[in-house]
Every structure is written in structure tokens, then in C-alpha cells.
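Presented below is the structure to which this report refers.
The values are calculated or read from the model by the stated rules, or taken from the named source; none is laboratory data. None of the values given here were measured: they were computed from a predicted structure. Neighbour counts run over all protein chains shown; Cβ positions are idealised from the backbone, glycine included.
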Amino acid sequence: MSWEIMRTETGPCECGEGTETFTFEMDDWNRTRSSTEIHCPKCREKKKRQIEAEQAHEKKRDEQLQQAQQLATERYLPQWLALFAGMTKKAAWERYTGGSGYPALGTFYQHVKHSGSLSQYMEWCLTNDLERSLCVLEVEDQEIDTLLQERARLWKPTSGPM
Ligand SMILES: [Zn+2]
């Protein structure tokens, strides 16, 4: 697969003290990609810091989710599994989804099958759809809520003007 440069454009960088070159490329399959090379130490440094800040945000969000998942498992897993214990798969699905929404009943059956058992799948659901699970459990956990809210606030990386 080879990329061919279709167009390049050089113009002033953001701060105006240097330049940046925009390159637009296309391959044999008419797929396109573009890139910008910054020839200005000041703007390059700024861009680098921006990327680092985004990565830090991302990392923080992962940590918050892991922490929330861990708390939920520690505090509610037995209670959560007890909720579905002895239920048929269909009854468990109704309890979990309220009888509609995702996953559809057929998908739910498949997930249970792939997980090995209903309780294994429900355990996965607890941490992977925390908000819904806590809602189904009818518990309000201030600590977990706070983590999830902070995480939601960090959803958009800071991207002020460059
Ligand atoms: Zn610049």
C-alpha cells in the first residue's frame, strides 16, 4: 500500500513566528489521510503539552472507572448475584433490562452462553454497566457516583485554542 501526496500547503503556524506544513495523501484505494508538521519550536511544544494533557486525562478516567468497578464489586457483588440467583435466564433478563432495551433477549442468551453461566455474565454486567446495575440494585453509592461523575466531566479532553 503506497501513499501518494496529493497536496501540501505551508502557512504560518498558530503563533505566527514559524510555519506549519499540511500534507494531504491518498492511497491506491482512494483512502485519504492528512497530517500537519509544525516547524516552530514554540507551537510544537504547545502541541506536545496538549497531547500529554489529553493522555493524562485518559489515564485518570481509566483509573476512576477501575476504582468505581472495584468498589462496586467489593460492596455489591454478593447482593447483585443473589438478586439473580435461581432465576431463569428470561426472568434475569427482565430484571436486568426492565424487559426492553439492550441487550435484546436473544443477545442476552448468547452472552450468558459465552460467559459460561448466568452468574458469570451477571458479574460482568455489574462492572461493565455500573450505572445501570446500581440502578437495578436500587442502591445509591455516593462514592461510586462521584467517581462516575468526575469521569464524565473528563470525557472531553481539554482542547482550548492552540
Ligand atoms: Zn509558532
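Below, the figures for the structure above:
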read-out	value
Filter result (surrounded by 12 or more Cβ atoms within 10 Å (Cβ to Cβ) and more than 22 Å from the chain's Cα centre (by Cα)) within segment 137-150	Leu137, Val139
Ser119 vs. criteria touching a Cys at 6+ places or on another chain (Cβ under 9 Å), surrounded by 12 or more Cβ atoms within 10 Å (Cβ to Cβ) and not aliphatic (A, V, I, L, M)	no
Boolean, Ala92 is in contact with a Leu (Cβ under 8 Å, 6 or more places away or on another chain) and under 30 Å from Arg153 (Cα atoms)	no
Only listed residue being surrounded by 14 or more Cβ atoms within 10 Å (Cβ to Cβ), within 25 Å of Gln67 (Cα to Cα) and basic (Lys, Arg), chosen from Arg132, Arg95	Arg132
Tally of residues being under 32 Å from the mean Cα position of the chain (by Cα), among the charged types (D, E, K, R) and exposed (fewer than 12 other Cβ atoms within 10 Å of the Cβ) across segment 1-40	2
Unmet requirement for Phe22, which otherwise passes all of (1) in contact with an Asp or Glu (Cβ under 8 Å, 6 or more places away or on another chain); (2) of a type outside the set (Val, Ile, Thr); (3) within 14 Å of the ligand (Cβ to nearest atom)	(3)
Number of the exception - Trp29 against (1) modelled with pLDDT under 95; (2) within 16 Å of the ligand (Cβ to nearest atom); (3) among the aromatic types (Phe, Trp, Tyr)	(2)
Segment 37-61, subset away from the ligand (no atom under 16 Å from the Cβ) and touching a helix residue (DSSP H, G or I) at 6+ places or on another chain (Cβ under 9 Å), residue farthest from Trp124 (Cα to Cα)	Lys60
Close pairs (6 angstrom Cβ cut-off, 6 or more residues apart or separate chains): among the β-branched types (Val, Ile, Thr) in segment 12-29, modelled with pLDDT under 95 and near the ligand (Cβ under 8 Å from one of its atoms) anywhere	none
Checklist (1) more than 30 Å from Lys48 (Cα to Cα); (2) surrounded by 14 or more Cβ atoms within 10 Å (Cβ to Cβ); (3) touching a residue at least 40 places away in the same chain (Cβ under 8 Å) applied to Arg61, failing item	(1)
